[in-house]
Amino acid sequence: MVSEVKQVFSTAVPLIGDDIDTDRIIPARYLKAITFDGLGEGAFIDDRTALNGQHPFDLPQYQGAKVLIVNRNFGCGSSREHAPQALAKWGIKAIIGESFAEIFFGNCVAMGIPCVTAEPNIVKQLQELVTANPQALITIDVENLQVQINDLTFSVFMGEGTKTAFVSGTWDACGQLVANAEKVKTTAGKLPYIGWGKLAAS
């Protein structure tokens, strides 16, 4: 079953700073994990330790937030999939930013996490609004490329192909396979090497 992502509605957590790389999002020592389970606890762990509980991911007013608001070139550095996985395991379901590193962005798309971009002044305003009122609800309308908070509406950007993938659910490769299981079986039945595999196993 495919998973359409047309809208994300939640409180938000502001994370101020440019060029926050994947090693800061999840340190390299966590890459030894066999599964992604538990990675949420390690999200920004070194920054959180250095800030002694004052990092946004530790502050009580932002617990449960599903939207992350960042600045320029977020997710730069190595291409580790563990970075968006750590954010997702912490609870993040969408990200608003000035810009994203290309591979990080692609990993987020593959996981169903929409990353929309906005002008720096809009991002700054959103960060200030949720800092002043952490309980303010944000709606990210992927289909119409808008962000709403309080009585304000801002335009955001996402490439047309990526937007279509989220809205139609085609970002979800596994979901597409399951939804088209019969077609997959039919195609597999026409492939001679699939038959050879059956003979070899018998």
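The values are calculated or read from the model by the stated rules, or taken from the named source; none is laboratory data. These figures come from a predicted structure and were not determined experimentally. Every residue, glycine as well, gets a Cβ built from its backbone with ideal geometry; the counts of neighbours run over all protein chains shown. To get the accessible areas, we keep the full protein, side chains included, count just its heavy atoms, and leave off ligands, DNA and RNA. Shrake-Rupley method; radii C 1.70, N 1.55, O 1.52, S 1.80 Å.
Treating the Cα atoms of the chain as identical point scatterers in vacuum, please give the log10 of the normalised Debye intensity I(q)/I(0) at q = 0.13, 0.14, 0.15 Å⁻¹, two decimals.
Normalising to I(0) and taking log10 leaves -0.72, -0.82, -0.91.
Would you pull out the residues with amide H under 5 Å of Leu137's amide H, same chain only if 5 or more places away, H placed 1.01 Å from N?
For Leu137, whose amide H was placed from the backbone, the distant partners under 5 Å are Asn150.
Among Ala83, Ala101, Ala28, determine the one that fluctuates most according to a GNM of the chain built with springs between C-alpha atoms less than 10 Å apart.
In this elastic network of the chain, the residue with the biggest mean-square fluctuation among Ala83, Ala101, Ala28 is Ala28.
How large is the helix-only mean residue ellipticity at 222 nm for the chain, computed as the sum of -39500 (n - 2.57) over DSSP H runs with n ≥ 4, divided by its residue count, in deg cm²/dmol to the nearest 500? Let's see the in-between values first.
Working: 9 runs with 77 residues, N = 202.
That calculation yields -10500 deg cm²/dmol at 222 nm.
Carbon and sulfur together cover what percent of the accessible area of the stretch 1-131 at a 1.4 Å probe radius? Write down the numbers at each step before the final one.
On the way: 3130 of 6030 Å².
Ligands and nucleic acids excluded, carbon and sulfur reach 52 percent.
Using the crude model of +1 on Lys and Arg Cβ and -1 on Asp and Glu Cβ, and no other charge, please compute the dipole size for the chain relative to its Cα centre, in debye to 20. Intermediate results must be reported in sequence, preceding the final value.
On the way: 16 positive and 21 negative charges, 177 e Å.
That gives a dipole near 840 debye.
Using only the Cα atoms of the stretch 69-180, construct the convex hull and provide its projected area averaged over every direction, in square nanometres to one decimal.
Details: hull surface 29.9 nm².
Computing the convex hull of the Cα atoms and averaging its projections yields 7.5 nm².
Would you mind checking the radius of gyration and Dmax of the stretch 19-80 based on alpha-carbon positions, in Å?
Expressed in Å, the Cα Rg and Dmax of the stretch 19-80 come to 12.1, 32.
From the phi angles alone, apply the Karplus equation (6.51, -1.76, 1.60; θ = phi - 60°) to the stretch 133-138 and give each ³J(HN,Hα) in whole Hz, x where the residue is Gly or Pro.
Ordered by residue, 3J(HN,Hα) equals 9, x, 8, 5, 8, 10 Hz.
So if I take the centroid of the Cα atoms in the stretch 14-37 and the same for the stretch 39-107, what is the distance between those two points in Å?
The two parts, judged by their Cα centres, are 7 Å apart.
Return the single residue from Leu126, Leu39, Leu152 with maximal mean-square fluctuation; model: Gaussian network over the chain, springs between Cα atoms under 10 Å.
Highest fluctuation of the listed residues: Leu152.
Just the accessible area per residue of the chain, please: how many Å² with a 1.4 Å probe? Please list the in-between numbers first.
Working: 10640 Å² over 202 residues.
Counting only protein heavy atoms, the per-residue value for the chain is 53 Å².
P(r) for the stretch 30-119, please, calculated from all Cα pair distances in 10 Å bins and given in %.
Going out from 0 Å in 10 Å bins, the stretch 30-119 shows 17, 50, 31, 2 percent.
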